[in-house]
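Before any comments, here is the structure.
The values are calculated or read from the model by the stated rules, or taken from the named source; none is laboratory data. Remember, predicted model here, so these are calculated numbers, not experimental data. Cβ sites come from the backbone with ideal geometry, for glycine too, and all protein chains shown count toward neighbours. Only protein heavy atoms, including side chains, enter the accessible area calculation; ligands, DNA and RNA are left aside. Shrake-Rupley method; radii C 1.70, N 1.55, O 1.52, S 1.80 Å.
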Amino acid sequence: EPKVTTAQVDEMRRYSAQLERRIETARQWSRWRTAKNAADQAEAEVKAAERAAADLDRKVKAYTEELPKQVMAGLEFPVPGLALNGDQITVDGKDLDQLSTSEQMKVSLALAKGLAGDLKVILVDRAETLDADSFAALVAEAESEADGFQYLVTRVTDQPSPGSFHVQDGRVSLVGKVG
């Protein structure tokens with residue numbers, strides 16, 4: 001049997017330790033390469049997401065700013081001073097939301113008439129929000145028949161009026177006749 005000296009054992013241990021360090025270094029490089037690959041892939045995904053986001057931003061801008069401007073440029077509005085600024089509708093520079101209810105109703109009626117085409121029917125909802133004078137003006141316009149439109153007007157009230165339908169407890173009845 002060959003004899004192994006202490007020096008040989010020490011040399012084998014040093015060589016074994018050196019191999020273990022090389023193996024650990026190789027493992028670290030492998031982990032680093034895996035991490036680097038993952039980081040590179042994540043970076044590529046981030047860049048792709050940023051490109052997609054930029055593309056979506058361009059589309060949103062086109063749909064919310066550019067396209068409406070193009071459409072608006074080719075339209076003639078039945079309401080003088082009517083404009084679309086971004087997502088805000090304005091009349092003479094005032095937001096539609098800032099107009100009184102009767103002013104909003106007048107603008108809406110003018111738009112409805114201008115866009116109705118051959119269908120000469122207008123539905124006016126929430127007429128109870130109009131003051132008495134504005135409601136009377138609406139009724140006068142509807143009754144004049146000069147514009148050729150039929151008006152369907154909804155109004156919640158506790159006092160039925162002639163020519164209206166009264167709904168109570170699920171039953172509908174006509175209240176008198178108009179004129």
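Just to be sure I understand, how many residues within region 83-109 are β-branched (Val, Ile, Thr) and not in a strand (DSSP E or B)?
Residues that pass the stated criteria total 2.
Quick check: is even one residue across region 49-68 among the aliphatic types (A, V, I, L, M), open to solvent by less than 90 Å² (accessible area, probe 1.4 Å), within 28 Å of Tyr151 (Cβ to Cβ) and assigned to a helix (DSSP H, G or I)?
We begin by selecting, within region 49-68, every residue among the aliphatic types (A, V, I, L, M); these are 49, 52-54, 56, 60, 62, 67.
Right, trim to open to solvent by less than 90 Å² (accessible area, probe 1.4 Å) and you get 49, 52-54, 60, 62, 67.
Cutting the leftovers down to within 28 Å of Tyr151 (Cβ to Cβ) gives us none.
Looking for residues that are among the aliphatic types (A, V, I, L, M), open to solvent by less than 90 Å² (accessible area, probe 1.4 Å), within 28 Å of Tyr151 (Cβ to Cβ) and assigned to a helix (DSSP H, G or I), one finds none in region 49-68, hence no.
Please go through region 133-169 and pick out each residue that is surrounded by fewer than 12 Cβ atoms within 10 Å (Cβ to Cβ), assigned to a loop (DSSP other than H, G, I, E, B) and modelled with pLDDT of 85 or more.
Gly148, Asp169
So Leu119 ticks every box in (1) over 30 Å from Val175 (Cβ atoms); (2) assigned to a loop (DSSP other than H, G, I, E, B) but one. Which box is left unticked?
Single failed check for Leu119: (1).
Within region 90-120, can you find the residues that are open to solvent by 60 Å² or more (accessible area, probe 1.4 Å), hydrophobic (A, V, I, L, M, F, W, C) and either at pLDDT 85 or above or touching an Asp or Glu at 6+ places or on another chain (Cβ under 9 Å) (or both)?
Across region 90-120, the qualifying residue is only Leu119.
Condition check: open to solvent by 60 Å² or more (accessible area, probe 1.4 Å), assigned to a helix (DSSP H, G or I) and among the small types (Gly, Ala, Ser). Does Ser16 satisfy that? Talk me through it step by step, then tell me what you get.
On the way: open to solvent by 60 Å² or more (accessible area, probe 1.4 Å): no; assigned to a helix (DSSP H, G or I): yes; among the small types (Gly, Ala, Ser): yes.
So Ser16 fails the test.
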